[in-house]
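Input: a single structure, listed below in structure tokens.
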Amino acid sequence: MKVMIVGSGYVGLVAAACLSDLGLEIVCVDRDATKIEGLRAGVVPIFEPGLDALVLRNSAAGRLTFATDLAELNNGVDAVFIAVGTPPSSVDQSADLSSVFAVARDVARAASTGLVIVTKSTVPIGTGDKIAAIMHSTAPALRFGVASNPEFLREGSAIGDFMAPDRIIIGVEDDHARDVLERIYAPLVARGAPLLSTSRRAAELVKYASNCFLATKISFINEVADLCEAMDADIEEVAAGMGLDRRIGSTFLSAGPGYGGSCFPKDCDAMLATAGINGVKLNVISSAVATNEARKNAMARRVVRALEGDVEGNVVAVLGLTFKADTDDVRETPAFVLIDGLKQAGATVRVFDPQGMANARRILTDVEFCGSARDACAGADCAVIATEWQEFRALDTKTFARLMRGRTIVDLRNLLDHEALVAEGFVVHGIGRPARLPARAAVAQLRRAGGNDGSVVRKPNRVDVAHGMAP
């Protein structure tokens, strides 16, 4: 079979590489000539583990080619996957579908034979109906089908997610479209991947509902983590106990600084916008979004409290800029909100990320970009783990002790060995876990508090006042 994929971004390029590796002939189209020339030369424009090798292997085998136009459309193409971006609208928080509709018009104008148009982009319910109307008005005589095939790729593990998926959803309204998609995914189904055929509208909604549910799960566990801190319980133990329940599951129960990235924030907003247009209130999702925004804004205040209420003149090393590990994506990352809050409070901020530095440099200002985690920590008063990169887990505690001027660690991902750090004299603040203090630091804190209950009385600082948190 021959498939054309329009869009060489994250979704389009991963789909193109994986489908070609399954033996299909794939033409990946993007009007960005520079990007296409780079891909032809083996330069993959995004970081995703395993993607480079997959693109190179299938390009060399001739199964994966790249183009800037639709010239191959009438050369035996069975299906066209639309995999272009659907960013938030500049008018409201609904999805901007202009690129999706533009592809539909272009395909309708260029096609001379029957084919199936498949939306791989994340689109609101009812988009397939609009695509069908656009194509029919553009080319009334063209025989075509419109299907929905949402993607469920996690950045950092997208290849595995595509090749061994939890499920394949195909939303179709005719037998021909169903047959084409079943043939495309036959190799994965033969390996045991479950394939569910639904109506087109149901398939469109599955994607949004899934992401909104996962976002809600993250917001929920973060609120439980706050309760753990107040009640001297450990969120790691609570989450482990919850996760053993098969109805709940252990995934997305890691407390942290809030969710970010290219999917959850955008998709939750689009879901709420769709619901609003149709007169439906989605109170659970609205609360999850509000909780997440508050969560991200609270992270700088955590660091300020860890430094006894004042970071003016302090050097804070922020380790991790991407919204999660194993990606270079910094969109909607909690780390940027943290950094803005620390700068407003008067801290000098140093940053390092294994893959996200180039993208971060386009956005962050008034920070010191460092060449390594060790460089960022050298002479720092406090180190903050903002992203769960495994190389940060491997940092030697004695190295922290040797490099840093201060002895405060704020681990927003519960990534480090807190006991080992305490043994080196560090005060360690995690998420949903009691703060760990070495004996001498504990005594000093009690003395500063003027009591024996461990509470610290402090004046409100700029970050607290700015967020309405003054006592």
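Listed values, structure above:
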quantity: Unmet criterion (only one of (1) surrounded by 19 or more Cβ atoms within 10 Å (Cβ to Cβ); (2) more than 21 Å from Thr127 (Cβ to Cβ)) for Tyr208; calculated: (2)
quantity: Test result for Val280, surrounded by fewer than 19 Cβ atoms within 10 Å (Cβ to Cβ) and over 20 Å from Thr86 (Cα atoms); calculated: yes
quantity: Condition check for Phe101: in a strand (DSSP E or B), closer than 19 Å to Ile131 by Cβ and assigned by TED's automatic domain parsing to the domain that holds Pro124; calculated: no
quantity: Of all residues in segment 299-354 being in contact with a Cys (Cβ under 8 Å, 6 or more places away or on another chain) and in a helix (DSSP H, G or I), the one that is farthest from Arg407 (Cα to Cα); calculated: Val303
quantity: Residues that are surrounded by fewer than 21 Cβ atoms within 10 Å (Cβ to Cβ) and either more than 27 Å from Gly261 (Cα to Cα) or not assigned by TED's automatic domain parsing to the domain that holds Arg405 (or both), drawn from segment 308-333; calculated: Glu308, Gly309, Asp310, Glu312, Gly313
quantity: Residue count for segment 62-99, restricted to those that are closer than 22 Å to Ala275 by Cβ and touching a Lys or Arg at 6+ places or on another chain (Cβ under 9 Å); calculated: 6
quantity: Matching option when the condition is closer than 24 Å to Ala193 by Cα and assigned by TED's automatic domain parsing to the domain that holds Ala158, among Ser8, Ser20; calculated: Ser20
quantity: Residues located in segment 335-348, provided they are surrounded by fewer than 23 Cβ atoms within 10 Å (Cβ to Cβ) and of a type outside the set (Gly, Ala, Ser); calculated: Phe336, Val337, Asp340, Lys343, Gln344, Thr348
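The values are calculated or read from the model by the stated rules, or taken from the named source; none is laboratory data. Predicted model only: the values in this text are computed from it and were never measured. Here Cβ is always computed from backbone atoms with ideal geometry, including for glycine, and neighbour counts include all displayed protein chains.
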